[in-house]
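Novice: I'd like to ask some things about the structure below.
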C-alpha cells in the first residue's frame with residue numbers, strides 16, 4: 001500500500017483515483033480495500049478548489065504543475081465545478097494564458113509554440129488580434145534577446161583576444177590548449193565573465209606568429225573567429 005501511495009501524483013488526482021480504484025477492485029475481498037476506499041474519498045474531497053490552486057501555481061511560476069492539474073480536472077472531474085471550469089478554460093483562453101506566463105519567464109520559443117497551437121485549433125478565433133499582438137511581442141523579445149546574446153559573445157571575444165595577447169607578452173608563448181573549461185590565462189575574474197557569455201571555444205590554433213579560434217555564443221548559433229589582429233562574424 002505504501003508503495004502504491006508513493007507512486008501517486010498529487011497533481012493528477014483523477015489519475016491517482018483511477019489507480020486506487022483498480023487496486024481496490026483487485027483486492028476487494030481483503031481489508032486493504034477499505035483503506036484504499038478511504039484514500040479515494042480523501043482525494044475526491046480535495047478536488048474542490050483545485051482549479052484555483054492551479055491558477056495560483058501558474059502565477060508563482062509553476063506552469064507545468066498548473067497545466068497538469070487543469071488537464072486532470074477536465075478529464076477526470078468533468079461533472080464538478082472545478083472540472084467544468086478546467087474544461088472550459090482549456091479552450092481558447094488556455095493558450096493565451098500559457099503563452100503569457102511563458103513570456104513572463106522569458107521562455108519565448110515555448111510561448112510561440114503555444115500560440116501556434118492556438119492558431120491550428122482556432123483558425124479564426126474571435127480574439128485573434130489579441131493572440132497576434134502577443135505573437136508580435138514574442139518576436140520582438142526574441143530579436144532583442146538575440147541581439148543581447150550576440151553583443152555578449154562579441155564582448156567575450158574581445159576579452160579573450162586581450163587575455164591571449166597579455167598571456168603572450170608575459171610568457172612569450174600562447175597556451176598549448178584552449179577550451180571554455182580550460183581557461184588558464186592569469187585573469188580569473190575576466191575568465192569567469194567570458195565563460196558566462198559563451199557556450200564554447202573551438203578550433204584553437206597557434207604559432208609564434210599568432211593564434212586563431214572560434215567563439216560560440218550562448219545561443220549555440222552566433223560564432224566569431226578571433227585572431228590576434230581581428231574579430232569577425234562567422235556565417
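Novice: So which residues in segment 143-185 are touching a helix residue (DSSP H, G or I) at 6+ places or on another chain (Cβ under 7 Å) and outside any helix (DSSP H, G or I), if there are any at all?
Specialist: 174, 175, 180, 183, 185
Novice: Test of understanding: among 66, 74, which residue is surrounded by 16 or more Cβ atoms within 10 Å (Cβ to Cβ), free of Cβ contacts under 8 Å to residues at least 60 places away in the same chain and more than 19 Å from the chain's Cα centre (by Cα)?
Specialist: That would be 74, the only listed residue that is surrounded by 16 or more Cβ atoms within 10 Å (Cβ to Cβ), free of Cβ contacts under 8 Å to residues at least 60 places away in the same chain and more than 19 Å from the chain's Cα centre (by Cα).
Novice: Still on this structure: Quick one: in segment 122-141, which of the residues that are within 19 Å of residue 105 (Cα to Cα) and surrounded by 14 or more Cβ atoms within 10 Å (Cβ to Cβ) is modelled with the lowest pLDDT?
Specialist: Among them, the one singled out is 131.
Novice: Among the residues of segment 165-175, is there at least one that is outside the structural domain of residue 107 (by TED's automatic domain parsing), more than 26 Å from residue 103 (Cα to Cα), under 30 Å from the mean Cα position of the chain (by Cα) and crowded, with 18+ Cβ neighbours inside 10 Å?
Specialist: Scanning segment 165-175 turns up no residue that is outside the structural domain of residue 107 (by TED's automatic domain parsing), more than 26 Å from residue 103 (Cα to Cα), under 30 Å from the mean Cα position of the chain (by Cα) and crowded, with 18+ Cβ neighbours inside 10 Å.
Novice: So, residue 219, is that one over 27 Å from residue 144 (Cβ atoms) and not in a helix (DSSP H, G or I) or not?
Specialist: So residue 219 fails the test.
Novice: If you check residue 47 against the conditions, is it in contact with a helix residue (DSSP H, G or I) (Cβ under 9 Å, 6 or more places away or on another chain), surrounded by 16 or more Cβ atoms within 10 Å (Cβ to Cβ) and not in a helix (DSSP H, G or I)?
Specialist: In short, yes.
Novice: Identify the single condition in (1) outside the structural domain of residue 64 (by TED's automatic domain parsing); (2) in a helix (DSSP H, G or I) that residue 135 does not satisfy, given that it satisfies every other one.
Specialist: So the condition that residue 135 fails would be (1).
Novice: Checking the structure you have, find out if any residue of segment 94-106 is out of contact with any strand residue (DSSP E or B) (no Cβ under 7 Å at 6 or more places or on another chain), assigned to a loop (DSSP other than H, G, I, E, B) and within 26 Å of residue 219 (Cα to Cα).
Specialist: Checked against the condition, which is being out of contact with any strand residue (DSSP E or B) (no Cβ under 7 Å at 6 or more places or on another chain), assigned to a loop (DSSP other than H, G, I, E, B) and within 26 Å of residue 219 (Cα to Cα), segment 94-106 yields at least one hit.
Novice: Looking at 35, 17, which is the one that is surrounded by fewer than 17 Cβ atoms within 10 Å (Cβ to Cβ) and in a helix (DSSP H, G or I)?
Specialist: None of the other options fit; the residue is 35.
Novice: Working carefully through the options 163, 180, 213, 198, find the one that is within 15 Å of residue 231 (Cβ to Cβ) and at pLDDT below 95.
Specialist: Going through 163, 180, 213, 198 in turn, the sole match is 163.
Novice: Next up: If I filter segment 202-209 for residues that are assigned to a strand (DSSP E or B) and within 29 Å of residue 106 (Cβ to Cβ), do I get at least one hit?
Specialist: Yes, the conditions are met somewhere in segment 202-209.
The values are calculated or read from the model by the stated rules, or taken from the named source; none is laboratory data. All values reported here derive from a predicted model rather than from experimental measurement. Neighbour counts are summed over all protein chains in view; Cβ atoms, including those assigned to glycine, are modelled from backbone coordinates with ideal geometry.
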